[in-house]
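Quick notes on the structure that follows.
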Amino acid sequence: MSRPAKARKLTLAECIDELGDVRGELKRLDQRESELRAEILKHRKGEGVGERFAFVISSAARWNLDLARIKQELGEDWVSARSRLSTITTIRVTPRLMPRAVTDAGAA
């Protein structure tokens, strides 16, 4: 989904609508990526090539901490003294419910 070059600055409403469209497309693409990834993994090959891309499968170990258990065992103060607080900004985009068009019959 390519966008033509900007001819003008978008209005806030246009930005909101386009962000919603982009997020919908990303969701669809994430699903497709998951399907393709699963298909590639079925072949049980560590690497392969297509016409335009190549792939290599690798694995790595990852540690995950159980924060609730750490707080329980070491205490909230101990965890807080060794933690950093970060602020993130989130934009939640939801589809709007469009009002039904009023028909001539409905207007009477």
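Worth a mention:
- Among the listed values (1) 69, 53, 34; (2) 76, 23, 17; (3) 60, 27, 23, the one matching Cα extents along the principal axes in Å as calculated from this structure is (1).
- Degrees, to the nearest 10: 12-42 long Cα axis against longest axis of the chain: 50 degrees
Where a number appears in this text, it was derived from the coordinates with a stated rule and is not lab data. All figures in this text were calculated on a predicted structure; none of them were measured in a lab.
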